[in-house]
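Quick notes on the structure that follows.
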Number of protein chains: 2
Amino acid sequence: MNALIECIPNVSEGRRDDVVEELQHAALSAAPGVLLLDSTSDRDHNRSVFTFLGDGPSLVTAMGALVDAALQRIDLRTHQGAHPRLGAVDVIPFVPIKGATTADCVALAKELGASLAAKHGLPIYLYEDAASTEARRNLATIRSGEFEGLAKKMQDPLWKPDFGPDAPHPSGGATVVGARAPLIAYNINLGTEDISVADRIAKAIRHISGGYRFVKAMGVKLEARRQVQVSINMTNYEKTPLHRVFETVRSEAERYGVPVVGSEIVGLVPQQALLAAASHFLRLEADPAPAVLENKLLELAFKDKESAAEKSS
Amino acid sequence: MNALIECIPNVSEGRRDDVVEELQHAALSAAPGVLLLDSTSDRDHNRSVFTFLGDGPSLVTAMGALVDAALQRIDLRTHQGAHPRLGAVDVIPFVPIKGATTADCVALAKELGASLAAKHGLPIYLYEDAASTEARRNLATIRSGEFEGLAKKMQDPLWKPDFGPDAPHPSGGATVVGARAPLIAYNINLGTEDISVADRIAKAIRHISGGYRFVKAMGVKLEARRQVQVSINMTNYEKTPLHRVFETVRSEAERYGVPVVGSEIVGLVPQQALLAAASHFLRLEADPAPAVLENKLLELAFKDKESAAEKSS
């Protein structure tokens, strides 16, 4: 089976449906092996997030075509939206899914960044695992000042881009390209209306205030449910697993006499994150993934696909 | 996506590798859409178990071809092995996996049974969910007396076969065909050498002695590990889920001051059985299956396959 990598471009257009479709179409028709798993547009944010899946080279080709189309159709000088952004194509992370490593994704980010800079004169910043310095790991830091402050920010030698010119692309700004582990958005709902309980638990589990290395979290009020929520981003579920975070939230909530009412996964989740939770609680002695019937099917399906590709080439 | 059904023929040959391969080949070449997920031969039992996957009509075609080949190559008059058996092809269960119901599988069992009886003069008993009477639900009851006692057993009007003649096929005996829910073989290992603890817990959870409706269980000594095991067959994981059985075993073991050391899944397991365990312990508010990335891939892979099939037909 070929390496499987996810690529999740965030583009600064969430209102003109025809443009959103054009960008998807450009990516998919440039690289037929690439699949579109999800597409979500937000009108308030005026932003769309696409989830593509494929092998490395196909994704680089697809992203090249998507950026071509986006630079033709999106002009940040007239763009407005609630979400912070630096570029017409704002962020492009590569995420290893199966048979690929973070290092593979860093290499793809650099290859794509260099090629976009050369072709379009587009400044590129590398972030997260592809970052050239610690200061550039964090997307929020790179993006602060947004498109409107970019020309000034780039005059600072500290903010010289990793590829491309030291000035923004006139209509396209700059693009942040990188590699990161799969992210899981995971919320735990508490049987209380007291937001301070959710806030304190969020503080207990998040990295920045002394919690788990790969957890970002905040307290959120769920008005309609009359409950509060610990809203969590799990930035590396292999190193900080779901079940450990759940158990810590449960134990911290107990300390306030508050029950965990339920939890929810937002968006996609790698199967392994849930199998690891099942393994933990059932005390399984071996990773159950190879025994999962659907995984046998998936292997066979991809074997078929590869042999079909071999026959036609 | 077409219905996905598993079909798991058990044949009375586990020593002659060439015969085992012939049978597999016969099934697969008769129905190209059918996949072989697993093949396990046991020399002591002199028996092989094949796990095929496909849609209903393809599986009926494949099983027809497998029985053809088996009747030519296996003669029960000279067959010896530790495992009880009634026929050259001993048992053929159909198991619904995806987009198929038990009723679909019962219909397939009847179709296959009628066709095997007509073509080969092979007596067929229907079992489990396809059984014509309660007495025939249980495979062990149908098989008692084995091939050697079959001619005599069939003289009893109670044991008139569901299809075919009232006398055994000379070399092939009779075949038991049926439909059942997916079965999970699940073992829970206990931190004690006292087999009576495993026996008592097995008794507590198994249906026959007052436990869960879809659990068969027995105590087993693990000499090398100096532990004992509750060895479990989960005959319907949707109605009696893994996590409930695990929690009951844990609580019963605690009553004897014995820890659950680990657990293991033997053979294949439907993804949903493990996702249900994760859901239970993480208190997930929604079924996570639609959010699992690999399931999106599987959907796409089967969509590709179907459209390829449409193009070629």
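Considering only segment A:262-282, state which residues are surrounded by fewer than 18 Cβ atoms within 10 Å (Cβ to Cβ) and at pLDDT 95 or above.
Selection gives nothing.
Go through (1) of a type in the set (Phe, Trp, Tyr); (2) under 19 Å from B:GLY219 (Cα atoms); (3) free of Cβ contacts under 8 Å to residues at least 60 places away in the same chain for B:TYR256 and report which single condition fails.
(3)
Does segment B:97-109 contain at least one residue that is in contact with a Gly (Cβ under 9 Å, 6 or more places away or on another chain) and within 14 Å of another protein chain (Cβ to nearest Cβ)?
Step one: filter segment B:97-109 for residues in contact with a Gly (Cβ under 9 Å, 6 or more places away or on another chain), giving B:100, B:104-109.
If we keep only those that are within 14 Å of another protein chain (Cβ to nearest Cβ) too, we end up with B:100.
Yes, some residue in segment B:97-109 is in contact with a Gly (Cβ under 9 Å, 6 or more places away or on another chain) and within 14 Å of another protein chain (Cβ to nearest Cβ).
Run B:THR133 past the list (1) under 21 Å from B:ILE8 (Cβ atoms); (2) β-branched (Val, Ile, Thr); (3) surrounded by fewer than 21 Cβ atoms within 10 Å (Cβ to Cβ) and report the number of the one that doesn't hold.
Looking at each condition in turn, B:THR133 falls short on (1).
Inside segment B:252-306, can you point out the residues that are within 25 Å of A:PRO96 (Cα to Cα) and assigned to a strand (DSSP E or B)?
Within segment B:252-306, just B:VAL292 meets the criteria.
Conditions (1) acidic (Asp, Glu); (2) in contact (Cβ under 8 Å) with a residue 40 or more places away in the chain; (3) closer than 19 Å to A:ARG136 by Cβ, marked per residue:
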| site | (1), (2), (3) |
| --- | --- |
| A:PRO157 | no, no, yes |
| A:PHE163 | no, yes, yes |
| A:GLY173 | no, yes, yes |
| A:VAL176 | no, yes, yes |
| A:ALA185 | no, yes, no |
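Scan segment B:179-190 for residues that are in a loop (DSSP other than H, G, I, E, B) and away from every other protein chain (no Cβ under 14 Å) and jot them down.
Residue satisfying the conditions is B:ARG180 alone.
Which residue pairs have Cβ atoms under 6 Å apart, sit 6 or more places apart or on different chains, and have a first residue in segment A:263-286 that is under 15 Å from B:VAL269 (Cα atoms) and within 7 Å of chain B (Cβ to nearest Cβ) and a second that is of a type in the set (A, V, I, L, M, F, W, C) and surrounded by fewer than 22 Cβ atoms within 10 Å (Cβ to Cβ)?
Pairs that qualify, where the first residue is under 15 Å from B:VAL269 (Cα atoms) and within 7 Å of chain B (Cβ to nearest Cβ) and the partner is of a type in the set (A, V, I, L, M, F, W, C) and surrounded by fewer than 22 Cβ atoms within 10 Å (Cβ to Cβ), are A:LEU275/A:ALA289.
Show the residue pairs meeting these rules: Cβ distance below 8 Å; 6+ apart or different chains; first residue within segment B:191-205 and assigned to a loop (DSSP other than H, G, I, E, B); second residue polar (S, T, N, Q).
Pairs found: B:GLY191/B:GLN227; B:THR192/B:GLN227; B:GLU193/B:GLN227.
Using the structure shown, decide if B:LYS119 is over 16 Å from the mean Cα position of the chain (by Cα), closer than 27 Å to B:GLU238 by Cα and of a type in the set (Lys, Arg).
no
How many residues are away from every other protein chain (no Cβ under 14 Å) and modelled with pLDDT of 95 or more when one looks only at segment A:23-74?
27
For segment B:242-262: of the residues being within 9 Å of chain A (Cβ to nearest Cβ) and aliphatic (A, V, I, L, M), which is farthest from B:TYR212 (Cα to Cα)?
B:VAL261
Step by step: first the residues of segment B:122-172, then only those that are in a helix (DSSP H, G or I) and of a type in the set (Lys, Arg), then the one that is farthest from the chain's Cα centre (by Cα). Which residue is that?
B:LYS152
Consider segment B:1-33. How many of its residues are within 17 Å of the chain's Cα centre (by Cα) and more than 21 Å from B:GLY172 (Cβ to Cβ)?
Qualifying residue count for the region: 3.
Kindly indicate whether any position in segment B:261-276 is out of contact with any Asp or Glu (no Cβ under 7 Å at 6 or more places or on another chain) and over 25 Å from B:ASP38 (Cβ atoms).
For segment B:261-276, residues out of contact with any Asp or Glu (no Cβ under 7 Å at 6 or more places or on another chain) and over 25 Å from B:ASP38 (Cβ atoms): present.
Give me the strands (runs of 3 or more DSSP E) completely within segment A:25-121, filtered to those with at least 2 residues that are without any contact (Cβ under 8 Å) to a residue 24 or more places away in the chain, ordered by residue number. Spell out the reasoning first.
Working: elements: A:35-42, A:47-54, A:89-98.
Per the criteria, A:35-42.
Kindly establish whether A:THR51 is of a type in the set (Val, Ile, Thr) and surrounded by fewer than 18 Cβ atoms within 10 Å (Cβ to Cβ).
Criteria not met by A:THR51.
Of the residues in segment A:194-222, how many are in contact with an Asp or Glu (Cβ under 9 Å, 6 or more places away or on another chain) and among the charged types (D, E, K, R)?
Residues meeting the conditions: 2.
Give B:LYS119, B:LYS153, B:LYS110 a once-over and let me know the one that is over 27 Å from B:LEU59 (Cβ atoms) and surrounded by fewer than 22 Cβ atoms within 10 Å (Cβ to Cβ).
Only one candidate passes the filter, namely B:LYS153.
Examine segment B:191-198 for a residue that is among the charged types (D, E, K, R), more than 30 Å from B:LEU86 (Cα to Cα) and within 14 Å of another protein chain (Cβ to nearest Cβ), and state whether such a residue exists.
Taking every residue of segment B:191-198 in turn, none turns out to be among the charged types (D, E, K, R), more than 30 Å from B:LEU86 (Cα to Cα) and within 14 Å of another protein chain (Cβ to nearest Cβ).
The values are calculated or read from the model by the stated rules, or taken from the named source; none is laboratory data. Fair warning: this is a prediction, and the values are worked out from it, not measured in the lab. Note: ideal-geometry Cβ built from the backbone for every residue, glycine included; neighbour counts use all protein chains shown.
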